[in-house]
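For reference, the structure is listed below as structure tokens.
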Amino acid sequence: MQIKKRLVRIFLCTKFYQNEKIKNVSDRLKVVLWYDDGKTHEEIARLLFIDITTSIRHLDDYSKGKTNKN
């Protein structure tokens, strides 16, 4: 997961991340990074003002390789 984590961190530094229109994408990336850093789904949900199940779903989607929500 280290390589993926590094790529995600690089992605977060781009202007794409800073565009408010894609807040849900940046939230998904934050879930992955914070979970990898050892935060629980409950902590992540509290930080992002999302439901715990949403945090779990974002991580599950990431682990399955899903990048967009259709």
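Tell me the helices (runs of 4 or more DSSP H) entirely within the chain that contain at least 1 residues that are at pLDDT 65 or above.
Details: elements: 2-12, 15-18, 23-36, 41-48, 52-63.
Once the helices (runs of 4 or more DSSP H) in the chain are filtered for at least 1 residues that are at pLDDT 65 or above, what remains is 2-12, 23-36, 41-48, 52-63.
Select from the stretch 27-69 the residues that are hydrophobic (A, V, I, L, M, F, W, C) and open to solvent by 60 Å² or more (accessible area, probe 1.4 Å) and write down the one among them that is nearest to LYS4 (Cα to Cα).
Within the stretch 27-69, the match that is nearest to LYS4 (Cα to Cα) is TRP34.
The values are calculated or read from the model by the stated rules, or taken from the named source; none is laboratory data. Quantities reported herein were computed from a predicted structural model and do not represent experimental measurements. What goes into the accessible areas is simple: the full protein's heavy atoms, side chains included, and nothing from ligands, DNA or RNA. Shrake-Rupley method; radii C 1.70, N 1.55, O 1.52, S 1.80 Å.
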